[in-house]
Amino acid sequence: MNVQLSSNESAILVRSRFLSRLPQSAVEAILKSVTVSTYEEQDVLFRQGEPIDDVFFVLSGIARLYRTGKEGREADVALLSKGEMFAETAMFLGRRATASAAVAERSVIARLDGRKLRQLAATDHEVAQALIEHLCYRGKMTEDILAEDRLLTGPQRVASFILSHGPKDSTSFSFRLPFQKNVLAGKLGLAPEGLSRAFSALRQSGVMVKGRIIEVYDRHALERL
C-alpha cells in the first residue's frame, strides 16, 4: 500500500548520500514525486530484466540486490540499509533492472519518479554531478566486494565483517548481528553452510556465536587472521 511521505521519512531522504548534495530547490522537486510502501520479509520489489522507471530508497529495514543463476541459486550484489538508494542504474541502461530486489526483513521503501529525476539531471548540473558521484560510489562498492571475494577466504571475510562492527580500542567486545545469518552469508558471498564452517574456524581466534550474538575475546587474533 502506498502512503504519503512522513516528516521523519523525508528527513532520512534529505540526509541521504545523494539528496544531501543537491540544492534545496532540486530536493523539493524530487520529494514531490515520492511514494512510500511497506514490504514484508522476502517480498520482491522487482526482478532482473523487468522494466522499471523508479529509483528506490530504503527508509527502514534491509533491501537485497541479487542475481539468480540458471539453477536458481541467488548471489547477492548488495545489501542496503536506511538511507541508501538503489536501481538508479536502470535509468541509463534501457530502464530495465540490472538485478532483482527483495527485502530481507519488514521494510519501508520510498520510490522516486525516475523520469522526473532524469529531467532534472538534464537541466541542473548539480543534480547530474550528484548522480555521477553516486554511481561512482556504487562502482567502488562493487570493486570492493569483488576484491574481497577474490582475495579473502570465507573465515577472513567473516573476520573482516566482525572487526568492522567492534570498537578499535577494545580487545574484547560483542554485538548483535543486524540481520539473519542467511542474509549475512549472502552479503559475504558464502553459502549458509560455508558461513557455519567459517564461524567454526574462528573459534580458535576467540570468536563465539550464540544465535545472533557475536562475542569476540581476542581482537588481535582476528586482525592477524
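Listed values, structure above:
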{"item": "Selected residue (only one of THR123, THR98 is surrounded by fewer than 18 Cβ atoms within 10 Å (Cβ to Cβ), polar (S, T, N, Q), modelled with pLDDT of 90 or more and in contact with a strand residue (DSSP E or B) (Cβ under 9 Å, 6 or more places away or on another chain))", "result": "THR98"}
{"item": "Answer residue from the range 1-29, given it is within 16 Å of HIS134 (Cα to Cα) and β-branched (Val, Ile, Thr) and is nearest to the chain's Cα centre (by Cα) among those", "result": "VAL14"}
{"item": "Selected residue (criterion: nearest to ASP144 (Cα to Cα)) from residues of the range 52-80 that are in a loop (DSSP other than H, G, I, E, B) and not charged (D, E, K, R)", "result": "ILE62"}
{"item": "Which listed residue, of SER170, SER160, is outside any loop (DSSP other than H, G, I, E, B) and among the polar types (S, T, N, Q)", "result": "SER160"}
{"item": "Residue identified as out of contact with any helix residue (DSSP H, G or I) (no Cβ under 7 Å at 6 or more places or on another chain), closer than 30 Å to PRO23 by Cβ and assigned by TED's automatic domain parsing to the domain that holds VAL34 among ARG111, ARG106", "result": "ARG111"}
{"item": "Search result, residues across the range 28-63 that are surrounded by fewer than 17 Cβ atoms within 10 Å (Cβ to Cβ), β-branched (Val, Ile, Thr) and more than 20 Å from ALA97 (Cβ to Cβ)", "result": "THR38"}
{"item": "Extreme residue, surrounded by the most Cβ atoms within 10 Å (Cβ to Cβ), among residues of the range 173-225 that are assigned to a loop (DSSP other than H, G, I, E, B) and of a type in the set (Phe, Trp, Tyr)", "result": "PHE179"}
{"item": "Total residues in the range 68-92, condition over 14 Å from the mean Cα position of the chain (by Cα) and at negative phi", "result": "10"}
{"item": "Flag for LEU131 being in a helix (DSSP H, G or I) and either under 19 Å from the mean Cα position of the chain (by Cα) or at pLDDT 90 or above (or both)", "result": "yes"}
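The values are calculated or read from the model by the stated rules, or taken from the named source; none is laboratory data. If you're wondering where the values come from, they're calculated on a predicted model, not measured in any experiment. With ideal geometry, Cβ positions are generated from the backbone for all residues, glycine too; neighbour counts draw on all protein chains shown.
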